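Structure record follows, encoded as structure tokens.
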Amino acid sequence: MALAHVRPATPDDAAAVTAVQREVWTTAWAGFLPAGLTEGFDDEAVTAAWGRSVEGLLVATEGDAVTGFALAGPASSDDLADAVGSVPDDAGSVGLVATLLVSPRWGRRGHGGRLLVTAAEALRAGGATRGVTWVPERDAASPAFYARAGWEPDGTVRTLDAGGRPLREVRLGGPLDLGFAVVPTAEDLGLPLL
């Protein structure tokens, strides 16, 4: 098995990040993202945007392959507001994991956990004391993943315009001092791989 790492992204990672985003959007998330959003995915434009926006962007790698990515930074008031627009008293010290995606073919190898732990460390280093993220309401896998890190839904839901169709998201939040519960793989347990 090749060595797995998480490192800050560079503009040279933009095409690989785009490939992961496209793969997740068109496979794992295909059932709840509007078809127009995935069918109109413009690799060139998305790659250019990622190339300009590497601040806070982390990539997970295994060997030479980029397997996933996360984008983290300070949470905006829009990300923290409740249903009536109030923001919490600690708004200035809340970090946001804006996205965390791992290519399905690289799933269940610890890349997501390493990305979240590294993003949490970066947020803490920037002064954040807790974190939040938004996940599609119909996505069952992401809340389960975040729950292993102690992040739970806080009851806040928002609806985005995703290519002319509504996309409901739920907000999750939790600590940045992560006690991530790693689920052992068959290989970890010394079991034969099927």
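The values are calculated or read from the model by the stated rules, or taken from the named source; none is laboratory data. Values in this document were obtained by computation on a predicted structure and should not be read as measured data. Note: ideal-geometry Cβ built from the backbone for every residue, glycine included; neighbour counts use all protein chains shown.
What are the residues in segment 98-116 that are outside any strand (DSSP E or B), among the hydrophobic types (A, V, I, L, M, F, W, C) and either without any contact (Cβ under 8 Å) to a residue 60 or more places away in the chain or surrounded by fewer than 17 Cβ atoms within 10 Å (Cβ to Cβ) (or both), if any?
The one that is outside any strand (DSSP E or B), among the hydrophobic types (A, V, I, L, M, F, W, C) and either without any contact (Cβ under 8 Å) to a residue 60 or more places away in the chain or surrounded by fewer than 17 Cβ atoms within 10 Å (Cβ to Cβ) (or both): W106.
Suppose we keep only residues that are closer than 16 Å to P88 by Cβ and of a type in the set (G, A, S) within segment 150-173. Which one would you say is nearest to the chain's Cα centre (by Cα)?
Checking each candidate, the answer is G173.
Of all residues in segment 117-149, how many are more than 15 Å from the chain's Cα centre (by Cα) and free of Cβ contacts under 8 Å to residues at least 40 places away in the same chain?
Total satisfying the criteria: 2.
Conditions (1) in contact with a strand residue (DSSP E or B) (Cβ under 8 Å, 6 or more places away or on another chain); (2) among the hydroxyl-bearing types (S, T, Y); (3) closer than 21 Å to H5 by Cβ, marked per residue:
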residue	(1), (2), (3)
G56	yes, no, yes
T61	yes, yes, yes
V87	no, no, no
V94	yes, no, no
R108	no, no, yes
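Given A49, A28, A75, which one is among the small types (G, A, S) and under 21 Å from R138 (Cα atoms)?
Testing whether each residue is among the small types (G, A, S) and under 21 Å from R138 (Cα atoms) leaves just A28.
Kindly provide the set of residues from segment 131-157 that are part of a strand (DSSP E or B) and within 13 Å of G173 (Cβ to Cβ), ordered by number.
Of everything in segment 131-157, those that are part of a strand (DSSP E or B) and within 13 Å of G173 (Cβ to Cβ) turn out to be G131, V132, T133, W134, V135, E152, P153, D154, G155, T156.
Out of all the residues in segment 48-97, which are within 12 Å of the chain's Cα centre (by Cα) and exposed (fewer than 13 other Cβ atoms within 10 Å of the Cβ)?
Result: no residue meets the conditions.
If I filter segment 5-33 down to residues being assigned to a loop (DSSP other than H, G, I, E, B) and of a type in the set (A, V, I, L, M), which single residue comes out as modelled with the lowest pLDDT? Before you say what the answer is, go through the steps one by one.
Filtering segment 5-33 for residues assigned to a loop (DSSP other than H, G, I, E, B) gives 9-10, 27-33.
The next check asks that each one be of a type in the set (A, V, I, L, M); those that pass are 9, 28, 30, 33.
On the way: A9: 97, A28: 87, A30: 82, L33: 78.
My answer is L33.
Determine whether V66 is out of contact with any Gly (no Cβ under 9 Å at 6 or more places or on another chain), part of a strand (DSSP E or B), closer than 27 Å to V6 by Cα and β-branched (V, I, T).
Judged against the criteria, V66 is a match.
Among the residues of segment 34-54, what is the count of those that are touching a strand residue (DSSP E or B) at 6+ places or on another chain (Cβ under 9 Å), in contact (Cβ under 8 Å) with a residue 40 or more places away in the chain and not in a helix (DSSP H, G or I)?
Residues that pass the stated criteria total 2.
Taking the condition of being β-branched (V, I, T) and in contact with a strand residue (DSSP E or B) (Cβ under 7 Å, 6 or more places away or on another chain), how many residues in segment 63-85 meet it?
Adding up the residues that qualify gives 2.
Mind listing just one residue for me: the one in segment 121-149 that is in contact with an Asp or Glu (Cβ under 7 Å, 6 or more places away or on another chain) and at pLDDT below 95 and, of those, nearest to A72 (Cα to Cα)?
In this case the residue turns out to be P136.
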